[in-house]
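The values are calculated or read from the model by the stated rules, or taken from the named source; none is laboratory data. Note that the structure is a prediction, hence the values are computed from the model and not measured. Note that we place each Cβ from the backbone using ideal geometry, even for glycine, and neighbour counts take in every protein chain shown.
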Amino acid sequence: MHDTPGDGAGDVVAIRRHNAVLHITLNTPANGNLVSAQMGSAIIAALSGLDPQVRLVVLRGAGADFCAGRVSPTPAKGAPPPSAERLRQLVAQPALDLYDAIKAAPAPTLAVVQGRATGVGTALAAVCDITLAADDSRFQIPEMERDIPPTLVMAALCDRVPLKTLSYLVFSRREWSGREAQAGGLVSHSVPAAQLEQEAQDLIATLVGCSAVALRACKQYLAHAPGMTAQAASAFAGHLAGTALSARY
């Protein structure tokens, strides 16, 4: 048994290693787990130093909601207007860095979603390799209601969901249930809310039954092969299979 607490950024993010699984939990349930810059930095740090023996990263939200959005990083009203470059640094880059860190994690990532997954919450859920959701969870990208183009969320999702799904979520601002999100390709699998935790535990057990080498090989192939030519993808598959098999001897 190996159970190690991590740097929880003042516990606004709870980070815990349990055997071969790294658990990352957004831990401000009173506000729906709105993601702050501090929380994003803590997650990026945890993923950047991932132990080679970690086989799975599980992302959750404490309480009733997975993640209801983001703490606004823009200056308060009445402050001097920032430059476009300053806004990029304050608003755009932290979110993009967080999404990129999750995508680049060498081990597979699993999001377990209940309640609201709004804006950034939708992005965090879908940017993981596998997304398991309660069928009554709620996904929405509502930024256009304030005439704000959600291009940061779109950047996270454009290689994760069909463009028709992304376009509809962005332009309609309609809220989707977990069941609808699965049908639209946003979620891997949805289950009744009462079964979510058991389903998550079963899936975690299935994944960690494999070696870190095999799991990471699959993650690498899924991340890189779609952008390759057919010949290059075949060669890459052979390389990964040989590397994984050689680790057995």
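At-a-glance table
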| read-out | value |
| --- | --- |
| Only listed residue being assigned to a helix (DSSP H, G or I), outside the structural domain of residue 150 (by TED's automatic domain parsing) and either within 21 Å of the chain's Cα centre (by Cα) or on the phi < 0 side of the Ramachandran plot (or both), chosen from 196, 203, 222 | 222 |
| Subset of segment 189-227 [more than 13 Å from residue 130 (Cβ to Cβ) and of a type in the set (Asp, Glu)] | 197 |
| Leading residue by the ranking (nearest to residue 101 (Cα to Cα)) among those in segment 142-168 that are without any contact (Cβ under 8 Å) to a residue 24 or more places away in the chain, charged (D, E, K, R) and part of a helix (DSSP H, G or I) | 164 |
| Conditions (1) touching a residue at least 12 places away in the same chain (Cβ under 8 Å); (2) within 24 Å of residue 96 (Cβ to Cβ): number failed by residue 196 | (2) |
| Top-ranked residue of segment 120-133 - restricted to ones that are surrounded by fewer than 24 Cβ atoms within 10 Å (Cβ to Cβ) and not β-branched (Val, Ile, Thr), ranked as farthest from residue 152 (Cα to Cα) | 129 |
| Filter result (in contact (Cβ under 8 Å) with a residue 12 or more places away in the chain and among the acidic types (Asp, Glu)) within segment 88-136 | 97, 129, 135, 136 |
| Residues that are within 15 Å of the chain's Cα centre (by Cα), over 21 Å from residue 207 (Cα atoms), among the charged types (D, E, K, R) and not in a loop (DSSP other than H, G, I, E, B), drawn from segment 30-85 | 70 |
| For residue 139: the one exception among (1) farther than 20 Å from residue 39 by Cα; (2) free of Cβ contacts under 8 Å to residues at least 24 places away in the same chain | (2) |
| Failed condition for residue 248, given (1) free of Cβ contacts under 8 Å to residues at least 40 places away in the same chain; (2) in a helix (DSSP H, G or I); (3) not polar (S, T, N, Q) | (2) |
